[in-house]
Amino acid sequence: MAVDVGSYKKIVAELTNKNVTLVAVSKTKSAQEILDLYNLGQRDFGENYVQELVEKYEQLPKDIRWHFIGHLQSNKVKLIAPFVYLIHSVDSEKLLKEINKQSEKNNRKIDCLLQVHIAKEVTKFGFDEKELDNFFKETLSMNDKSLFKNIRIVGLMGMASFTNNMKIVKKEFQFLKSLFTKYSTFSILNSQFSILSMGMSSDYELAIEDGANMVRIGSLLFGKRDPKK
Ligand SMILES: *Cc1c(COP(=O)(O)O)cnc(C)c1O
């Protein structure tokens with residue numbers, strides 16, 4: 001399989017214009033395919049599986065910014081903590097505590113996005129609106145600040161429903177944007193809260209219309225994934 005260079009260049013031109021960061025989602029794709037995009041200038045790559053990410057990190061150039069976008073189990077945080085650039089998929093306070101702990105062990109400050117559950121599917125992960133509100137207003141405000149001193153919460157991430165009904169998708173993106181706006185002014189976050197990660201191959205244009213400044217695109221760049229993997 002080869003990367004779609006034409007599609008990559010078109011998307012990069014479009015996103016650069018709009019100041020949107022492209023995360024090239026390379027799960028299940030080979031190190032060579034990643035290098036093909038790297039050689040065209042791409043540096044932000046997104047992966048869903050810890051083991052796969054660690055293997056690719058070891059093989060590939062060290063100036064790649066690795067984004068973790070899949071469901072993350074607490075017991076695997078230590079494997080990516082030494083090098084991960086941004087974790088998009090923080091879906092619990094427990095996970096955040098573990099990231100803070102591993103980050104401290106590595107003398108780092110790891111940037112995190114809180115994943116919000118905006119889709120209809122119950123199988124998708126993330127905080128719901130109430131949990132998010134509790135987290136910001138209670139956990140972050142009341143707890144000892146040192147609890148999270150080795151992480152930075154820099155924004156929100158969401159995945160829309162898997163549907164062809166773009167009205168539903170648009171509503172979900174607008175909802176996430178409204179939460180993003182609401183917490184952007186939250187003083188405890190010290191104005192570091194600046195990333196809204198939403199939109200994939202099928203809906204990234206819509207997501208940008210609704211305020212996304214980071215999109216996660218896989219199949220438009222690398223072709224369809226092998227479902228067996
Ligand atoms: C796989 C994946 C993507 C990319 O999906 P495409 O439809 O291939 O663009 C984006 N975000 C997350 C969280 C993913 O798991």
- Report the full-extension gain for the segment Glu14 to Lys149: residue separation times 0.36 nm, less the Cα-Cα distance, to one decimal in nm. 44.9 nm
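For the chain, what class follows from the C-alpha gyration tensor (a ≥ b ≥ c being the square roots of its eigenvalues): rounded when a/c is under 1.5, otherwise prolate if a/b is larger than b/c, else oblate? Show your work: numbers first, answer last.
On the way: a/c = 1.73, a/b = 1.22, b/c = 1.42.
Taking the square roots of the gyration eigenvalues as a ≥ b ≥ c, the chain is oblate.
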- Message: Can you give me the distance in nm between label points at Lys62 and Asn39, each placed 7 Å from the Cα along the Cα-to-Cβ direction?
- Response: 2.3
- Query: Efficiency by 1/(1 + (r/R0)^6): what FRET value for Phe125 and Gln174, r their Cβ-Cβ distance, R0 = 22 Å, to the nearest 0.05?
  - Reply: 0.60
- Just give me a number: lysine pairs in the range 1-91, eight or more positions apart or cross-chain, with C-alpha atoms less than 27 Å apart. 23
- If the chain between Asn165 and Val5 were fully stretched, how many nm would it gain, using 0.36 nm times the residue separation less the Cα-Cα distance? 54.7 nm
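Nearest 5 is fine: what % of DSSP beta bridges in the range 34-192 come out antiparallel, could you say? Before the final figure, lay out each step's value.
Numbers: 0 of 17 bridges.
Antiparallel bridges make up about 0 percent of those DSSP assigns within the range 34-192.
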- Item | Simple spin-label estimate for Arg108 and Lys94 in nanometres, 7 Å along Cα-Cβ | 2.3
- Pick from Asn150, Asn165, Asn100: which is most flexible by mean-square fluctuation in a GNM of the chain where alpha carbon atoms under 10 Å apart are linked? Asn165
- Message: If I model a spin label as a point 7 Å beyond the Cα along the Cα-Cβ vector, how far apart are those points for Ser141 and Ser219 in nm?
- Response: 4.2
- Query: Stretched out fully, how many nm does the piece from Ser184 to Lys101 gain, at 0.36 nm a residue minus the Cα gap?
  - Reply: 27.4 nm
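No lab work stands behind these numbers, since they all come straight from the coordinates. Being a predicted model, the structure only gives us computed values, none of them experimental. Note: ideal-geometry Cβ built from the backbone for every residue, glycine included; neighbour counts use all protein chains shown.
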